[in-house]
1. Only helices (runs of 4 or more DSSP H) wholly contained in the stretch 27-122 count here; list those with 3 or more residues that are surrounded by fewer than 18 Cβ atoms within 10 Å (Cβ to Cβ) and at pLDDT 95 or above.
2. Please enumerate the residues belonging to the stretch 24-68 that are among the hydroxyl-bearing types (Ser, Thr, Tyr) and out of contact with any strand residue (DSSP E or B) (no Cβ under 8 Å at 6 or more places or on another chain).
3. Considering only residues that are part of a helix (DSSP H, G or I) and β-branched (Val, Ile, Thr), look in the stretch 142-163 and name the one that is modelled with the lowest pLDDT.
4. Here are some conditions: (1) in a strand (DSSP E or B); (2) at pLDDT below 95; (3) not basic (Lys, Arg). MET240 meets all but one. Which one does it not meet?
5. For the stretch 160-198, name all the residues that are in contact with a helix residue (DSSP H, G or I) (Cβ under 8 Å, 6 or more places away or on another chain) and without any contact (Cβ under 8 Å) to a residue 40 or more places away in the chain.
6. Pick out the one residue from ALA174, ALA237, ALA169, ALA195 that is over 23 Å from ARG89 (Cα atoms), of a type in the set (Gly, Ala, Ser), in contact with a Phe, Trp or Tyr (Cβ under 9 Å, 6 or more places away or on another chain) and surrounded by 17 or more Cβ atoms within 10 Å (Cβ to Cβ).
7. Do we have ILE136 as buried (at least 18 other Cβ atoms within 10 Å of the Cβ) and more than 18 Å from the chain's Cα centre (by Cα) here?
8. Would you say MET240 is closer than 25 Å to PRO36 by Cβ and without any contact (Cβ under 8 Å) to a residue 40 or more places away in the chain?
Amino acid sequence: MSRASTKVLRRWEWSYPSKPVHLEILSHEVANSQRPPLLFVHGLSHGAWCWQENWMAAAAERGYSSYAVSLRGHGGSGGTQQIKRTLIRDYVHDVLQAVTTLPSPPVLIAHSLGALVAQRVLPRYPFRAGVLLTPIPAGGIPSSTLAGARRRPAALAKIVVGATLPLGADDLFADLPDSKAREYVSRLGPESPWAQYAMMRPERVGPINAPLLVVGAEEDALVDAADVTRCAKALDADLMWVPAGHDVMLDGPWRQTLDVVLDWVDTAAPEGEAPLPGANEILALRL
């Protein structure tokens with residue numbers, strides 16, 4: 001890996017750092033596992049709980065320790081009162097802070113808005129691999145925005161005025177009992193308006209040296225297939241499709257999706273010790 005391309009913090013982030021907050025990090029560890037740990041990052045309005053429902057225990061069955069972070073203002077993390085002032089770079093800071101708590105460089109697995117955060121994090125640290133689930137591309141979501149404007153113009157208008165995008169069961173799930181879908185929707189929280197604006201603003205990301213997989217959902221009602229394909233092409237990533245709705249980790253076929261992801265991880269990030277980050281990278285992360 002080229003050390004010159006791994007810039008953990010940018011110069012202006014040293015001058016105007018994100019304010020630290022308490023981060024909720026859920027864990028499901030496997031004793032003596034030689035597989036790389038998994039770090040899960042949730043999407044818009046969700047929290048670490050969405051990974052704990054199904055994927056973390058199932059990943060342990062396959063020998064993977066896993067950790068899930070709630071970004072500030074979400075789940076059990078601090079920063080709820082400041083959510084309307086939270087920037088996407090604050091979420092980047094949270095993920096980098098979570099990385100410092102792990103026993104070794106992880107595979108970063110991120111969903112939706114979390115995948116947009118991951119595209120900004122992946123160039124900054126030697127992750128074993130990255131998996132972007134139903135991702136918001138760093139290049140923007142023109143196809144999804146157009147489709148959303150046609151299907152739910154009022155919801156799109158709420159984003160424009162700074163309100164949280166309203167999400168219902170039909171937006172997130174394609175094959176889930178109504179009672180369970182309503183339960184999950186009831187657990188969604190407010191989202192940063194600045195993070196929502198970032199979804200629609202194209203931005204270039206730095207070179208990513210880790211192997212990458214993009215996973216699209218065939219029945220996704222939020223992120224258009226064209227945007228998913230464009231994301232994979234821009235990152236030169238592998239692309240796979242699963243028969244699920246947007247919330248692939250909660251929807252009915254969640255185990256099938258997890259198997260697709262872990263089968264790929266088995267090959268892209270095999271068992272064994274990974275090269276540790278350099279001392280300067282560790283110092284920068286902890287600061």
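1. In the stretch 27-122, the matching helices (runs of 4 or more DSSP H) lie at 55-61.
2. SER33, SER45
3. THR145
4. (2)
5. Those that are in contact with a helix residue (DSSP H, G or I) (Cβ under 8 Å, 6 or more places away or on another chain) and without any contact (Cβ under 8 Å) to a residue 40 or more places away in the chain: ALA163, PRO166, GLY168, ALA169, ASP178, ALA181, ARG182, VAL185, TYR197.
6. None of the other options fit; the residue is ALA169.
7. no
8. Spelling it out, MET240 is indeed closer than 25 Å to PRO36 by Cβ and without any contact (Cβ under 8 Å) to a residue 40 or more places away in the chain.
The values are calculated or read from the model by the stated rules, or taken from the named source; none is laboratory data. Being a predicted model, the structure only gives us computed values, none of them experimental. No Cβ is skipped: glycine too gets one built from the backbone with ideal geometry, and neighbour counts run over all protein chains shown.
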